[in-house]
Amino acid sequence: MWPRAETLDVGPAIGKRVGMGGKGKKKPGNKRVRPIVAPSTAPLGPSIHEATVLSGGGVRKGKVITQAQAEALRRNGQDIVVCGPQHGANMLLARDIEHNANGAYNRCGPHAWAGRNGLPHYQPDPRPPAGHTIYETATRHAL
Amino acid sequence: MQFFTSELYLRYNAPDEATALAADAEWEAAIARYHQHLNGLYEKMPSQVVELSKLCQHDGEILQREEQQHPLSFGCLEDWPGPSRFWPMWYGLATVAVRIEDEVVTLFYFLCDHLSVQPAPEQWPFRKAREHWLYDEIHWQRGDRGRFTHLVLLSSGVVLTIPFGTVSISRFALAPGTSERGKQSA
């Protein structure tokens, strides 16, 4: 059984031709038009995560944390990772976290033997504490 | 160093974002070129050197680095009649001990020549105390069959040049909880 042709709240009624009126001429009907929402042009900001450095050199990201929590973890010698699509933003946030947590730092590139999963990172200079503030790049990502 | 040089490392740590990001691209290129370089050397490497080439000691704390000379005694020739026909022989041994997490890795290099230490660049901004292993490269000594060079950049800015014929790698596990370090990073 086909439903009655009646105006529905959403979309054209089944059996009812949208825009029909007069002698076959199309009227600008009450087409239900979804408003076009312009996609946000602002890039997503970095997110900060707990991190585990794997034996093969890769980095596994854990739960999302705040910057304050990240700095506390770094003061305690734990690893954290900054993730996101913007290499530069990730790098700068990672730098700020390490600096706020431990002061002087240096930045190290991925080791040749870590493979594609190796990530650049900041670390205290000198040590202790242990650990690293790691970050993603455009081509290297946490697992 | 030919790939992971002190100068590249300094650019990598430049305070301005543009220079640091450009150095990041250079670093990626250096990794690719180093892999290509090693691929051309594997057929020349004995197994111990292959193992050395794949060690990742980045961020390991340098506990010891020294060169020693030892006499090579031909005990079987002690009963050789007549005057000695041999000059005393000596061999060189370099020892580099690195602590990574709960393990100490000691490298014993049987030297072809003296270990050399290139001082840090004048503008090296990082602390010189408590040296750590940053990056290393293995090269083949052209025209010197069977001999390699291990180049090691340390956190103090010093570069070790270790010309060796073969190497022995020893690992020693520390008791859990004795290390103040976190996990080794890539």
Pairs under 7 Å by beta carbon, first residue in a loop (DSSP other than H, G, I, E, B) in region B:38-56, partner open to solvent by 50 Å² or more (accessible area, probe 1.4 Å), six or more apart or different chains?
B:LEU41/B:TRP140; B:LYS54/A:TRP113; B:CYS56/A:TRP113
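Okay, residues lined up against (1) open to solvent by 10 Å² or more (accessible area, probe 1.4 Å); (2) more than 8 Å from chain B (Cβ to nearest Cβ); (3) outside any loop (DSSP other than H, G, I, E, B):
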site: A:PRO126; (1), (2), (3): yes, no, no
site: A:ILE134; (1), (2), (3): no, no, yes
site: A:THR137; (1), (2), (3): no, no, no
site: A:ARG140; (1), (2), (3): no, yes, no
site: A:LEU143; (1), (2), (3): yes, yes, no
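For every residue, the table says whether it meets (1) open to solvent by less than 80 Å² (accessible area, probe 1.4 Å); (2) within 14 Å of chain A (Cβ to nearest Cβ); (3) modelled with pLDDT of 75 or more; (4) out of contact with any His (no Cβ under 7 Å at 6 or more places or on another chain).
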| site | (1), (2), (3), (4) |
| --- | --- |
| B:TRP90 | no, no, no, no |
| B:ASP102 | yes, yes, yes, yes |
| B:SER155 | yes, yes, yes, no |
| B:VAL158 | yes, no, yes, yes |
Out of A:PRO85, A:PRO12, A:PRO39, which single residue is out of contact with any strand residue (DSSP E or B) (no Cβ under 9 Å at 6 or more places or on another chain), modelled with pLDDT of 85 or more and open to solvent by 80 Å² or more (accessible area, probe 1.4 Å)?
A:PRO85
Selected residue (only one of A:GLN86, A:GLN78 is more than 29 Å from B:LEU55 (Cβ to Cβ) and of a type outside the set (Gly, Ala, Ser))
A:GLN86
Number of the condition not met by B:SER168 [criteria: (1) farther than 30 Å from B:PRO15 by Cα; (2) open to solvent by 70 Å² or more (accessible area, probe 1.4 Å)]:
(2)
Considering only region B:56-76, state which residues are hydrophobic (A, V, I, L, M, F, W, C) and in contact with a strand residue (DSSP E or B) (Cβ under 7 Å, 6 or more places away or on another chain).
B:ILE62, B:LEU63, B:LEU72
Report, by residue number, each residue of region B:2-21 that is farther than 18 Å from B:ILE162 by Cα, open to solvent by less than 70 Å² (accessible area, probe 1.4 Å), part of a helix (DSSP H, G or I) and in contact (Cβ under 8 Å) with a residue 24 or more places away in the chain.
B:TYR9, B:LEU10
Pick out the one residue from B:ASP59, B:ASP24 that is within 11 Å of chain A (Cβ to nearest Cβ) and in a helix (DSSP H, G or I).
B:ASP24
Scanning region A:90-111 residue by residue, those part of a helix (DSSP H, G or I) and facing chain B (nearest Cβ under 8 Å) turn out to be A:MET91, A:LEU92
So A:ALA70, is it more than 23 Å from A:ALA138 (Cβ to Cβ), touching a helix residue (DSSP H, G or I) at 6+ places or on another chain (Cβ under 6 Å) and among the aliphatic types (A, V, I, L, M):
no
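The values are calculated or read from the model by the stated rules, or taken from the named source; none is laboratory data. What you are looking at is a predicted structure, and each value in this text was computed from that prediction instead of being measured. Positions of Cβ are generated from backbone atoms using ideal geometry, with glycine treated the same way; all protein chains shown enter the neighbour counts. Accessible surface areas use protein heavy atoms only, side chains included; no ligands, DNA or RNA. Shrake-Rupley method; radii C 1.70, N 1.55, O 1.52, S 1.80 Å.
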